[in-house]
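Report on one structure; see the data block that follows.
The values are calculated or read from the model by the stated rules, or taken from the named source; none is laboratory data. Given the structure is predicted, the values throughout are model-derived calculations rather than measurements. Using ideal geometry, Cβ is built from the backbone for each residue, glycine included, and neighbour counts are taken over all protein chains shown. The protein model used for the area step is the full one, side chains on, heavy atoms only, and it has no ligands, DNA or RNA in it. Shrake-Rupley method; radii C 1.70, N 1.55, O 1.52, S 1.80 Å.
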Number of protein chains: 2
Amino acid sequence: MTTPTTTVDPRSTSHRAWVVGADIDTDALAPGAYMKFGIDEIARHCLHRVRPEFAASVQAGDVLVAGPNFGIGSSREQAAAALVYLGVRAVIAPSFNGLYFRNAFNVGLLLLTCADAHRVAEGEALRLSPREGFVERANGSRLACETVPGFLLDMVDAGGLLNLLKQRRMAPHATSNGVSSC
Amino acid sequence: MTTPTTTVDPRSTSHRAWVVGADIDTDALAPGAYMKFGIDEIARHCLHRVRPEFAASVQAGDVLVAGPNFGIGSSREQAAAALVYLGVRAVIAPSFNGLYFRNAFNVGLLLLTCADAHRVAEGEALRLSPREGFVERANGSRLACETVPGFLLDMVDAGGLLNLLKQRRMAPHATSNGVSSC
């Protein structure tokens, strides 16, 4: 009897959607009033302005589905780190602020750029295929999204850029990408 | 007689604007037909689809002023590297594709997120203050833009992430930011 190997990509599990609107700014994600506290306290107030129940009710593996311009505002890294702290698996939106996009992957948060994100309903179960470039809805239909390059998925899987660099320093011959890909 | 020290921030020199529209994609910047060639050949065809005269006429220090969603499409790094190769000082636009934003700073291209970029006229002389968060027009008025964090400006000044890391490895005590800021 052999130990079965899994054929299930962890990304193929389904994720419950929380739907929010357009122009979600970093102050909504990491409210300025709590920036002097640790990430646990900041996360406790994440999105309180638009979804007061979010921080207390979100479960590990859930995803956030938003309108355009997600992550505008100040470049505070906590606006991405708070979602990671809460266990949010990914943010799906038609467009992201550039600095937010950079910060998010650096702290291990997956972002999926998806023009049709508005079709997703609150609470819907989604499967994510960032490498192939689609989100699969509960009814089996697919929403195209931009493919995410391997070096960014590596960053997400490692839990952020710093963890990825630490892993690579420990096992430099096991990697295919250099730091140039960060 | 002493050698005079310069008090002029290179960013305060003026830059001639090339104006293009919205949704400039990476295939317009680095056409697929030339991707098998080197960056010199790719750059020679940069933006040919929308401004056929651009690559031959752009001068070092010029800036590109664009509409929303600059850099959409595939994540090819050459779409940013071609502008660097041509000497383009910065791209100014209301919004950028997330992957393009990441690639651009990694290869040393300054991007300024500026909601009012559409006000800039073709050929206008602009002064850039990325650290302070504005673009100054020829008439002295200012267009607000998102401030660019110091670690990204360091990356631009160094000519990209790899050059920055090389510099820091050579002079590790002269730096204030770690690789975590990349």
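Subtracting the Cα-Cα distance of B:V50 and B:E122 from 0.36 nm times their residue separation leaves 24.5 nm of extension gain. Dividing the Cα radius of gyration of chain B by its Kirkwood radius returns 0.98 for Rg/Rh. Normalised by the number of residues in segment B:1-160, the mean separation of alpha-carbon contacts (under 8 Å, six or more apart) gives a relative contact order of 23 percent. Amide H contacts under 5 Å for A:A138: A:A125, restricted to partners 5 or more places along the chain or on a different chain, H placed in the peptide plane at 1.01 Å from N.
How much length, in nm to one decimal, is gained on full extension between A:D27 and A:Q59, taken as 0.36 nm per residue of separation minus their Cα-Cα distance? Before the final figure, lay out each step's value.
Working: separation 32, 0.36 × 32 = 11.52 nm, distance 2.16 nm.
Between A:D27 and A:Q59, full extension yields 9.4 nm more.
Residues of B:85-97, mean number of Cβ from any other protein chain within 10 Å of their own Cβ, rounded to a whole number? Before the final figure, lay out the partial values.
Details: counts 0, 0, 0, 0, 0, 0, 0, 0, 1, 1, 7, 6, 6.
Per-residue shielding by partner chains comes out at 2.
Restricting segment A:31-132 to trypsin sites (Lys or Arg not before Pro) that sit in a DSSP loop and have at most 11 other Cβ atoms within 10 Å of their own Cβ leaves A:K36.
Springs between Cα atoms under 10 Å define the GNM used for chain B, and in it the highest mean-square fluctuation of B:S57, B:S75, B:S129 occurs at B:S57.
So what is the calculated 222 nm ellipticity per residue for chain B, using -39500 (n - 2.57) for each DSSP H run with n of 4 or more, over all residues, to the nearest 500 deg cm²/dmol?
Numbers: 7 runs with 50 residues, N = 182.
Result for chain B: -7000 deg cm²/dmol, rounded to the nearest 500.
Coupling constants for segment B:23-35 follow from the phi torsions by the Karplus curve (6.51 cos²θ - 1.76 cosθ + 1.60, θ = phi - 60°), and in residue order they are 6, 5, 9, 5, 6, 6, 7, 9, x, x, 5, 10, 5 Hz; glycine and proline get x. Distances from A:R119 to itself in the other copies, using label points 7 Å out along the Cα-Cβ axis, amount to 3.9 nm in increasing order.
Entry for segment B:52-107 at q = 0.16, 0.26, 0.27 Å⁻¹: log10 I(q)/I(0) = -0.46, -1.15, -1.21, Debye formula applied to identical alpha-carbon scatterers, no solvent contribution. When accessible surface is computed with a 1.4 Å probe, chains B and A are found to bury approximately 1800 Å² between them, both chains counted.
Model label points for A:R142 and B:A115, set 7 angstrom from Cα along the Cα-to-Cβ axis, are 3.8 nm apart.
Express in nm, to one decimal, how much length is gained between B:M35 and B:Q167 on full extension, taking 0.36 nm for each residue of separation and deducting their alpha carbon distance. Full extension of this stretch gives 44.6 nm more.
Applying the Karplus relation 6.51 cos²θ - 1.76 cosθ + 1.60 with θ = phi - 60° to segment A:101-116 yields 3J(HN,Hα) values of 4, 5, 4, 4, 5, 4, 9, x, 9, 6, 10, 10, 8, 9, 4, 9 Hz, where x marks Gly and Pro. Here's how it looks for B:H15: its modeled amide H is under 5 Å from those of B:L126, B:R127, which are all 5 or more places away or on a different chain. The coefficient of translational diffusion for the protein assembly as shown, derived via Stokes-Einstein from the alpha carbon Kirkwood radius under 20 °C and 1.002 mPa s, stands at 99 µm²/s. Counting only protein chain heavy atoms and rolling a 1.4 Å probe, the accessible areas of B:F37, A:F96 rank, largest first, as B:F37, A:F96. For A:A90, nonlocal amide neighbours, meaning residues 5 or more places apart or on other chains whose placed amide H falls under 5 Å from its own, are A:L64.
Taking only the alpha-carbon atoms of segment A:127-170, what semi-axes of the equivalent ellipsoid follow from 5 times the gyration tensor eigenvalues under a square root, in whole Å, largest first? Walk me through the intermediate numbers first.
Working: eigenvalues 160, 17, 7 Å².
Taking √(5λ) for each Cα gyration eigenvalue gives 28, 9, 6 Å.
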